[in-house]
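Since the structure comes first, as structure tokens, the remarks are kept for the end.
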Amino acid sequence: MKIVFMGTPDFAAISLEKLISRGHEVGLVITQPDKAKDRGKKVKFSPVKEVALEHNIPVLQPEKVKNNQQFFDVLKEYNPDIIVVAAYGKIIPKEILELPRYGCINVHASLLPRLRGASPIQHAIVDGEKVTGVTIMQMGQGLDTGDMLTKTEVEIGDMNYEELHDVLSVKGADLLVETLSLIEQGKVKPEKQDDSLSTYAPMIYKQDGKIDFGKSPEEIERLVRGFDPWPGAFCNYGDMTLKIWHCSKVMEETKEENGTILDVSDRGILISCGGKKLLADEIQVPGKKRVMVKDYIRGNSLERGKVLE
């Protein structure tokens, strides 16, 4: 089966590597244009491009895929049996969705119809889902609304975003290979999504990491895990931005103003939030690395009674 693969980040690269290692014929890879990153503004290839080049697979990086006749003609000439999409980052137009014999399938990191959208892994943690997973779906013109082909589940537990991402990327790659086999054998059974059960996981921006200490300790702890390592959960300590990288719930009640530093010790910073308490034990200040609070307070002070905002 001739495959075109469309994807960009690490999550997609794992799936591409798995397809290649299992001997699937991936003849063309589509990924986002190269971008200058970091302070040196050096151009970095996407993880998917790195994998494709390593295996000598031709790569296309169109600025746009909609109304791009030249790009469409290249796809048409290759004449794929199926297009596999994983975190590509652009909307796929109808003419491309309908081009391959088996259409386009998507590796989506949630248990659809829950968490449709751009950031399902982060929102699974932040929204308090107990279980998430990967769904392989037949792509249509709606946003993650196509028929579901296969699923696999993962218990979230206390994983942060990075940990959950790594588990789901491997699970998704394995499920993709299984699903392609079912498609080739004519054994796949599409299942329509129940729109009444759908939830949405919108794109995340840096400001979304701002901590609201009016929320419960549980909600803040999930925000911290869900946004680790990016954008990070943060607040203001006076004029300084303070990032919290790890915390735990302390269910004792307090009447202190939300955000008040109740205590500072080797255990961490005890903070009032939502009428209860939160213990932050790993932090970061501007220009410095992440450190445990017990190490930070060896040479720095955090004032009890100060209100974090």
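The values are calculated or read from the model by the stated rules, or taken from the named source; none is laboratory data. Here the structure is a predicted model, which is why all the values come from computation and not from measurement. When we count neighbours, we look across all protein chains shown, and the Cβ atoms used for this are built from the backbone with ideal geometry, even at glycine. Heads up: the accessible areas ignore ligands, DNA and RNA and are worked out on the full protein's heavy atoms, side chains in. Shrake-Rupley method; radii C 1.70, N 1.55, O 1.52, S 1.80 Å.
Quick grid of which residues meet (1) without any contact (Cβ under 8 Å) to a residue 24 or more places away in the chain; (2) out of contact with any helix residue (DSSP H, G or I) (no Cβ under 7 Å at 6 or more places or on another chain); (3) open to solvent by less than 30 Å² (accessible area, probe 1.4 Å); (4) not β-branched (V, I, T):
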{"residue": "G7", "(1), (2), (3), (4)": "no, no, yes, yes"}
{"residue": "S15", "(1), (2), (3), (4)": "no, no, yes, yes"}
{"residue": "S21", "(1), (2), (3), (4)": "yes, yes, no, yes"}
{"residue": "V43", "(1), (2), (3), (4)": "yes, yes, no, no"}
{"residue": "V59", "(1), (2), (3), (4)": "no, no, no, no"}
{"residue": "E63", "(1), (2), (3), (4)": "no, yes, no, yes"}
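Just one of the numbered conditions (1) buried (at least 22 other Cβ atoms within 10 Å of the Cβ); (2) closer than 18 Å to F227 by Cα; (3) not hydroxyl-bearing (S, T, Y) is not true of D127; which one?
The number of the failed condition is (1).
One residue is enough: does segment 143-160 have a residue meeting the conditions under 15 Å from the mean Cα position of the chain (by Cα) and open to solvent by 30 Å² or more (accessible area, probe 1.4 Å)?
For segment 143-160, residues under 15 Å from the mean Cα position of the chain (by Cα) and open to solvent by 30 Å² or more (accessible area, probe 1.4 Å): present.
Please work out if G287 is surrounded by fewer than 17 Cβ atoms within 10 Å (Cβ to Cβ) and at pLDDT below 95.
In short, no.
Select, from E221, E256, E282, E303, the only residue that is out of contact with any Pro (no Cβ under 6 Å at 6 or more places or on another chain) and assigned to a helix (DSSP H, G or I).
Criteria check complete, one pass: E221.
Considering only residues of segment 87-99 that are of a type outside the set (V, I, T) and over 13 Å from A118 (Cβ atoms), which is most open to solvent (accessible area, probe 1.4 Å)?
Residue satisfying both the conditions and the ranking: E98.
Looking at segment 252-275, is at least one residue under 22 Å from the mean Cα position of the chain (by Cα) and on the phi < 0 side of the Ramachandran plot?
The answer is no, given that none of the residues of segment 252-275 is under 22 Å from the mean Cα position of the chain (by Cα) and on the phi < 0 side of the Ramachandran plot.
Would you point out the residue of segment 176-219, among those that are of a type in the set (A, V, I, L, M) and in contact with a helix residue (DSSP H, G or I) (Cβ under 9 Å, 6 or more places away or on another chain), that is nearest to N236 (Cα to Cα)?
Among residues in segment 176-219 that are of a type in the set (A, V, I, L, M) and in contact with a helix residue (DSSP H, G or I) (Cβ under 9 Å, 6 or more places away or on another chain), the one nearest to N236 (Cα to Cα) is I211.
Out of all the residues in segment 161-183, which are buried (at least 17 other Cβ atoms within 10 Å of the Cβ), of a type outside the set (A, V, I, L, M, F, W, C) and over 24 Å from I20 (Cβ atoms)?
Matches in segment 161-183: Y161 only.
Determine whether V85 is of a type in the set (V, I, T), within 18 Å of L180 (Cβ to Cβ), touching a residue at least 40 places away in the same chain (Cβ under 8 Å) and touching a Ser or Thr at 6+ places or on another chain (Cβ under 9 Å).
Considered against the rule, which asks whether it is of a type in the set (V, I, T), within 18 Å of L180 (Cβ to Cβ), touching a residue at least 40 places away in the same chain (Cβ under 8 Å) and touching a Ser or Thr at 6+ places or on another chain (Cβ under 9 Å), V85 comes out as no.
Are any residues in segment 209-232 open to solvent by 60 Å² or more (accessible area, probe 1.4 Å) and either hydrophobic (A, V, I, L, M, F, W, C) or touching a Ser or Thr at 6+ places or on another chain (Cβ under 9 Å) (or both), and if so, which ones?
Residue satisfying the conditions is W230 alone.
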